[in-house]
Amino acid sequence: MKYWSKEWTEAIKEASHTDKDYLSKTKGWDVKALWVVTGCPEGVDKCMEFHLESGKVVFISLEEKPSPSDLATLPWDASKYFVRVIAPYDIFAKINTKEWSALRAISSGLLVIEGRADELIQRISQFACFCSELLPRIPVEY
């Protein structure tokens, strides 16, 4: 399946319900988030919205617009979403393949995290588990 495709989002949802190691680390983690990827290979930008309850994805959607788009600059409701993460496709791919850490992407300025920093710091282990453990276990084509 293609990375950042509808099938990929469905696989994320399924894995979040069945991966016992992930679930043990994210129990009690409820979050709503937006991830925006720019410059996808098919010439689009995409915004993934997902809601987790006790680590399980209970809602996930994927919106796309021709690139360049306004998805990364549109106003967003920080009272509704925990975080908005924005990065180019190749940076998300490098994180997913573990070629880069999220910290490297953030410190390079290529991955932007908008949201409530205090809550992010408190939930960093769950966030890292989702990004660095669950997602890379899903086989994808880039």
key: Area projected by the alpha carbon convex hull of the chain, averaged over all directions, nm²   = 7.7 nm²
note = Long-range alpha-carbon pairs in region 41-101, meaning those over 13 Å apart, account in percent for 71 percent
request  = Beyond 24 Å between alpha-carbons counts as too far, so tell me which of Lys13/Lys94; Lys2/Lys27; Lys2/Lys80; Lys65/Lys94; Lys6/Lys27 fall in that bin.
outcome  = Lys2/Lys27; Lys2/Lys80; Lys6/Lys27
remark   = Restricting to Cα pairs under 8 Å and 6 or more apart, the percent relative contact order of region 1-63 works out to 34 percent
ask   = region 1-61: percent of C-alpha pairs farther apart than 16 Å?
value = 48 percent
ask   = Restricting attention to region 1-99, which GluC sites (Glu not before Pro) occupy a DSSP loop and are surrounded by at most 11 other Cβ atoms within 10 Å?
value = Glu99
inquiry  = Residue by residue through region 128-142, what is 3J(HN,Hα) from phi via Karplus (6.51 cos²θ - 1.76 cosθ + 1.60, θ = phi - 60°)? Round to whole Hz and write x for glycine and proline.
reply    = 5, 4, 4, 6, 9, 10, 5, 4, x, 6, 8, x, 9, 10, 9
query = DSSP loop trypsin sites (Lys or Arg not before Pro) in region 97-140 with at most 12 other Cβ atoms within 10 Å of their Cβ, which ones?
reply = Lys98
message = Which of rounded, prolate or oblate describes region 82-142 when judged by the alpha-carbon gyration tensor and an a/c cut-off of 1.5?
response = oblate
note = Expressed as a whole-number percentage, the relative contact order of the chain with C-alpha contacts under 8 angstrom and at least six residues apart is 27 percent
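Laboratory data are not the source of any read-out in this text; all were calculated from the coordinates shown. Every value quoted in this text rests on a predicted model; they were computed, and no experiment measured them. No Cβ is skipped: glycine too gets one built from the backbone with ideal geometry, and neighbour counts run over all protein chains shown.
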